[in-house]
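The structure under discussion appears below in the form of structure tokens.
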Amino acid sequence: MAKAAEIEQKACQEIMLPITDALEILKGKWKLPIIVSLSFGSKRFREISREIPGITDKVLSKELKELETNCLITRTVHDTFPPTVAYEITEHGLSLEKVIMSLKDWGVEHRKKIIGT
């Protein structure tokens with residue numbers, strides 16, 4: 001019996017570790033909305049800010065830096081006057097599409113179950 005419990009515990013840990021890693025990278029209220037916004041194309045800071053109601057400039061700046069650190073987006077400074085900055089989702093960021101669509105589908109079903117719409 002102890003051997004079976006050890007196998008179960010190891011299997012559980014093998015599932016939890018990558019999930020914990022993913023949640024650590026995507027944690028918070030704003031990272032997924034930013035990724036969704038950028039999945040529709042390259043945008044400047046103000047464009048992202050306008051598409052995500054309630055996010056402050058300070059928080060958006062912090063979240064963009066974290067997403068860039070984790071290779072989910074890129075930041076490009078264009079040689080203009082004044083300099084313009086564009087943000088774009090990376091191939092690695094696009095790999096979240098299935099996860100995001102699954103979350104969207106689950107959210108739609110959950111909303112129907114809880115509030116009936």
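Among the conditions (1) within 15 Å of the chain's Cα centre (by Cα); (2) farther than 27 Å from Pro18 by Cβ, Lys62 misses just one, which is (2). Within the range 53-107, the only residue that satisfies the criterion of being closer than 12 Å to Ser39 by Cα, aliphatic (A, V, I, L, M) and touching a Lys or Arg at 6+ places or on another chain (Cβ under 9 Å) is Leu72.
The residues of the range 65-88 that are more than 15 Å from Glu24 (Cα to Cα) and in contact with a strand residue (DSSP E or B) (Cβ under 8 Å, 6 or more places away or on another chain), listed by number, are Ile73, Thr74, Arg75, Thr76, Val77, His78, Pro83, Thr84, Val85, Ala86, Tyr87, Glu88.
Out of the residues in the range 104-113 that are open to solvent by less than 90 Å² (accessible area, probe 1.4 Å) and not charged (D, E, K, R), state the one that is nearest to Gly28 (Cα to Cα). Here the residue is Gly107. Remark: pairs (first residue in the range 4-20, surrounded by 10 or more Cβ atoms within 10 Å (Cβ to Cβ); second residue assigned to a helix (DSSP H, G or I); Cβ separation under 9 Å; 6+ apart in sequence or on different chains) are absent. Whenever a residue of the range 39-57 is in a helix (DSSP H, G or I), its partners that are surrounded by 16 or more Cβ atoms within 10 Å (Cβ to Cβ), lying with C-beta atoms within less than 6 angstrom and at least six residues away or across chains, give the pairs Ile48/Ser37; Ser49/Leu60; Glu51/Ser37. For the range 36-57, the candidate set comprises residues that are of a type in the set (Ser, Thr, Tyr) and within 16 Å of the chain's Cα centre (by Cα); within that set, the residue that is least open to solvent (accessible area, probe 1.4 Å) is Ser37.
Scan the range 87-94 and tell me whether some residue there is of a type outside the set (Gly, Ala, Ser) and in contact (Cβ under 8 Å) with a residue 60 or more places away in the chain.
Here is the first cut: in the range 87-94, the ones of a type outside the set (Gly, Ala, Ser) are 87-92, 94.
Imposing the further condition that a residue be in contact (Cβ under 8 Å) with a residue 60 or more places away in the chain reduces the set to none.
Checked against the condition, which is being of a type outside the set (Gly, Ala, Ser) and in contact (Cβ under 8 Å) with a residue 60 or more places away in the chain, the range 87-94 yields no hits at all.
In the range 58-91, of all residues being of a type in the set (S, T, N, Q) and in a helix (DSSP H, G or I), the one that is least open to solvent (accessible area, probe 1.4 Å) corresponds to Ser61. Here is the figure for the range 70-83: residues that are among the β-branched types (Val, Ile, Thr) and at pLDDT below 95 total 1.
The values are calculated or read from the model by the stated rules, or taken from the named source; none is laboratory data. Predicted, not measured: the structure shown is a model, and the values here were computed from it. Heads up, the Cβs are rebuilt from the backbone with ideal geometry, glycines too, and the neighbour counts pull from every protein chain shown. Note: areas computed on protein heavy atoms with side chains; ligands, DNA, RNA excluded. Shrake-Rupley method; radii C 1.70, N 1.55, O 1.52, S 1.80 Å.
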